[in-house]
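What follows is one structure encoded as structure tokens, with my remarks underneath.
The values are calculated or read from the model by the stated rules, or taken from the named source; none is laboratory data. Every value quoted in this text rests on a predicted model; they were computed, and no experiment measured them. All Cβ positions, glycine included, derive from the backbone under ideal geometry; neighbour counts span all protein chains shown. Side chains included, ligands, DNA and RNA excluded: accessible areas come from the protein's heavy atoms. Shrake-Rupley method; radii C 1.70, N 1.55, O 1.52, S 1.80 Å.
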Amino acid sequence: MSEQSRTPTLAVALQYDGETAPKVTAKGAGDIAEQILAIAREHDVPLQDNPELVKVLSKIELGDQIPEALYLAVAEVIAFAYMLKGKVPKGYGE
């Protein structure tokens, strides 16, 4: 496959404080996406490969909360990240 026919890497970073809906804090394609992924790896941030979700999330403006229609899909990503870190959400099981 030639370099020109490759689809560029996309990446979206989310911030979730447990109080409000997650926000898009970084997004990009190609080299910027690779930098986002490298920074995430440096800081031991869990990564999940979900190209369809990333395409949708990449349309959200930086700093904006995700729309309600994406809550379930993003909740699954957050649950995955919590599981990898051995954490449970605040208030879970109380």
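For the subset of region 55-66 comprising residues that are touching a residue at least 24 places away in the same chain (Cβ under 8 Å) and among the hydrophobic types (A, V, I, L, M, F, W, C), which member is surrounded by the fewest Cβ atoms within 10 Å (Cβ to Cβ)? For region 55-66, the residue satisfying everything is 62.
Cβ separations smaller than 9 Å between residues 6+ apart or across chains give the following pairs from region 25-52 residues that are among the acidic types (Asp, Glu) to residues that are loosely packed, with under 13 Cβ neighbours inside 10 Å and outside any strand (DSSP E or B): 31/8; 44/85. Which residues, taken from region 35-54, are open to solvent by 70 Å² or more (accessible area, probe 1.4 Å) and farther than 18 Å from residue 74 by Cα? Selection gives 35, 39, 41, 42, 43, 44.
For region 57-77, name all the residues that are within 15 Å of residue 25 (Cα to Cα) and in contact with a Pro (Cβ under 9 Å, 6 or more places away or on another chain). Listed by number, the residues that qualify are 60, 65, 66, 74. A single member of 55, 59 is basic (Lys, Arg), more than 27 Å from residue 88 (Cα to Cα) and in a helix (DSSP H, G or I), and it is 55.
Is it the case, given these coordinates, that residue 21 is out of contact with any Lys or Arg (no Cβ under 9 Å at 6 or more places or on another chain), more than 26 Å from residue 7 (Cβ to Cβ) and either open to solvent by 80 Å² or more (accessible area, probe 1.4 Å) or not in a loop (DSSP other than H, G, I, E, B) (or both)?
No, not satisfied.
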